[in-house]
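The next block holds one structure in the form of structure tokens; read it before the comments.
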Amino acid sequence: MSKGKLRNAVLISHMIIENIVAPGDIVVDATCGHGKDTVFLANLVGEQGKVYAFDIQLQAINSTLSRLKEAHLDKQVKIIHDSHTKLDEYISGDTPIKACMFNLGYLPGSSNQDIITTGESTIAAIKSALNLLENGGIITLVSYPGHPGGKEELNLVQAYLKRIPQHVAEICEIKFLNQVNNPPLIITLEKLVGGKI
Ligand SMILES: C[S@@+](CC[C@H](N)C(=O)[O-])C[C@H]1O[C@@H](n2cnc3c(N)ncnc32)[C@H](O)[C@@H]1O
């Protein structure tokens, strides 16, 4: 059976991001995990740009750092061992960001898959990211409703996003209609001019 590129939620989020992020941009990986999205972003922004990469687990931080070093991309990345709820403590409001990626859930391969993103932390981080984004900047979220806690998180995030006024951001959800077993979905936010919340 052949497999299409559009079966993969993370790849779809990359397609959206690579349309907007250019060399020299400042971007955020809100959940760096094993660093695949961080490497993707570091390649896009190049040495003139900057990636801020957050994770609460030391295992994830170490994994991201070694992946970046292997790819000789560590210069343009600041890795932060802290929660993405503190985004605005690490990134000044004078430094608008072009994009912020969230890949929600648990660290794949970890022995403790109870450490997950939650609706509360994700919403707090989306709020900060929206305020830090430049006009036209993008937030992407890949959400996995299939693991314990994933559906609850998604429900909270969707309820929050539905309340954001349309003049603040264009908010869109991409769903797989025929994929089996609780497929992931992709949510995108595009900040509009003056779109502060
Ligand atoms: C699905 S993984 C991310 C995968 C990653 N983007 C990659 O490319 O490998 C989700 C990550 O979110 C992290 N996480 C959970 N809560 C967090 C929080 N409040 N702040 C930052 N990271 C968090 C987890 O530790 C986990 O590593």
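The values are calculated or read from the model by the stated rules, or taken from the named source; none is laboratory data. Predicted, not measured: the structure shown is a model, and the values here were computed from it. Here the Cβ is made from the backbone with ideal geometry for all residues, glycine too, and neighbour counts use every protein chain on show.
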Qualifying positions in segment 125-165 - touching a Pro at 6+ places or on another chain (Cβ under 8 Å), farther than 22 Å from Asn181 by Cβ and of a type in the set (Gly, Ala, Ser): Gly137
Scan of segment 87-116 for residues that are within 11 Å of the ligand (Cβ to nearest atom), polar (S, T, N, Q) and closer than 25 Å to Leu132 by Cβ, ordered by number: Asn103
Right, Leu133: under 22 Å from Phe40 (Cβ atoms) and either at pLDDT 95 or above or touching a His at 6+ places or on another chain (Cβ under 9 Å) (or both) or not? yes
Looking only at segment 120-148, count how many residues are in contact with a helix residue (DSSP H, G or I) (Cβ under 9 Å, 6 or more places away or on another chain) and either assigned to a strand (DSSP E or B) or on the phi > 0 side of the Ramachandran plot (or both). 7
Is it true that Glu153 is of a type outside the set (A, V, I, L, M) and either within 13 Å of the ligand (Cβ to nearest atom) or more than 29 Å from Lys50 (Cα to Cα) (or both)? yes
Considering only residues that are within 13 Å of the ligand (Cβ to nearest atom) and closer than 16 Å to Leu133 by Cα, which ones fall in segment 12-26? Ile17
Residue by residue through segment 114-153, note down the ones that are buried (at least 22 other Cβ atoms within 10 Å of the Cβ) and free of Cβ contacts under 8 Å to residues at least 40 places away in the same chain. Thr122
Considering only residues that are touching a residue at least 40 places away in the same chain (Cβ under 8 Å) and of a type in the set (Val, Ile, Thr), look in segment 168-195 and name the one that is surrounded by the most Cβ atoms within 10 Å (Cβ to Cβ). Ile187
Among the candidates Thr38, Thr31, residue that is closer than 19 Å to Thr118 by Cα, surrounded by 21 or more Cβ atoms within 10 Å (Cβ to Cβ), within 11 Å of the ligand (Cβ to nearest atom) and of a type in the set (Ser, Thr, Tyr): Thr31
